[in-house]
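Everything below concerns the one structure shown next.
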Amino acid sequence: MVALGILVFGVLCNPWLIAFLFRDHVGSSIRPENKIFIWLFQGICILSGIWIYFKGGTPAGRKRIVFQIIMVFLMLIFVEGSLRIACFVLDIDPTTEKAEGFLTPDIYKKTPWAQQMFKEWKNIQLEYKPFICWDRREFHGQYVNVDSKGVRKTINPSFQESTQVKTLYMFGGSTTWGAAVRDEGTIPSHLSSFFHSAGQDMQVSNYGELGYVFSQEVIQLILLLKEGSRPDYVIFYDGVNDVKSTYDSGIAGTIQNLSQIRARFSIFAMAPPEQLWIGCRDTIPYLLRKHSMIYNAIRKTISHSLPQERYSEKQLEELAVKIVDHYMQTMVLVDHLAHEYGFQYLCFWQPLAFLEDHLTEEEMLHLTYRGNETLKKLYHLSLEEMRKRCPSKMHIVTEILSNRQETYYLDYCHLNEQGNRVVAQGIFNVLQRESFVK
């Protein structure tokens, strides 16, 4: 009976049946790499059922099966322990998605503050914030600081009380916020130093946040205006998240991780068995990613070998048009806000490793998403579409890091502190031409 039960469970536990049973519910789809794990589990169950049926009919056979199961568990414990020891010796954390590829470039291997900075950065938690979904919790470290309003610290000079200080708010995603750099190495901090060197008193504020798209940034600006803030200048630094969120969801203008957020709300309308399925589908892979070295090693191997083509050429072209449509429609809203509240603004389409003709050997070696040709293509098509329709307040700075020998990219979009300084210099030059700097 035990063998038959295991065999039947194995037959029923397959991705097609699960997808069919929950086909009508948002978020019921299974990621390709997780399908492979379900197939492996199904195969193990079926083989185990057959094995127990033919070998477990006698006391000696049952003892042999129990012994072999114990040996399998001991082998898994040994492999898990060996991987943990290797990761400890090599100072690698494969269970952490945030820092993937960040610690490998030589520019940080020889930097004394890097280890402490990454430790602080990974300890910062996100929390829910009305209307914009999330921001950072307050955090104070040696190199990374976030205030009680969730705003990253910008290194501004001291201003004399008699001077008339202008204010500049900079919005964007984690590239603006400053992932994997110190407070002083963010683009807003570098920008502040350029204003100071030019003799202009400008208080720069960093309103970048992990994963933010243009719409979230504009909503954040609206909330600040509603609270009484009155910036003189506003900068939006975008591109990477606006394209990536569209690529993931198939819908232009959406926030990151849309399907997971939809699933969280949809689960309340489901029957208990369906709630159990959604909970297991999300929770089990999360726990395995956080705590199992074996799972992470297999998952990364599988994900790199899976085909990445999700859209046809025509679909990619349509998505690129929709991305730019949404961005320009949102700029119209910002035009009205600027007129009503008396600030000037500019938008910048940021550089990405995907858009570079030349990368250093080090960047090529550690570039995340390097195998995803479909995503690369969407970034290129979106850039081409933005160039064709580029409004006067949009400045494309994708080529600002060209013709260089230094390593700037930490992954496909985040830059080290030197790269951020080059970008800040390019933005500052545009601001000079646009008379932001007097």
Item to check | segment 130-256: C-alpha pair distances exceeding 23 Å, % | outcome: 33 percent
Checklist entry - Each residue of segment 341-356 in order: what ³J(HN,Hα) in whole Hz does its phi give by Karplus 6.51 cos²θ - 1.76 cosθ + 1.60, θ = phi - 60°, with x for Gly and Pro? => result 9, x, 10, 9, 9, 9, 10, 10, 8, 7, x, 9, 4, 4, 9, 8
Next on the checklist: Neighbour counts of other C-beta atoms within 10 Å: give me SER158, SER82, SER189, SER435 arranged from fewest to most.
Outcome noted: SER158, SER435, SER82, SER189
Next on the checklist: Starting from the Kirkwood Rh over alpha-carbon pairs, what translational D in µm² s⁻¹ does segment 375-438 have by Stokes-Einstein at 37 °C and 0.692 mPa s?
Outcome noted: 243 µm²/s
Item to check | Hits among lysines - C-alpha to C-alpha of LYS153 under 24 Å, sequence gap 8 or more where chains match | outcome: LYS98, LYS119, LYS122, LYS129, LYS166, LYS226
Checklist entry - Counting Lys and Arg as +1 and Asp and Glu as -1, what is the net charge of the other residues whose Cβ lies under 10 Å from the Cβ of LEU126? => result 0
Checklist entry - Two-decimal Rg/Rh of segment 190-235 from alpha-carbon positions, Kirkwood Rh? => result 1.03
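Each value in this text was obtained by applying a stated rule to the coordinates, not by laboratory testing. Not measured: the values here are computed from a predicted model. Note: ideal-geometry Cβ built from the backbone for every residue, glycine included; neighbour counts use all protein chains shown.
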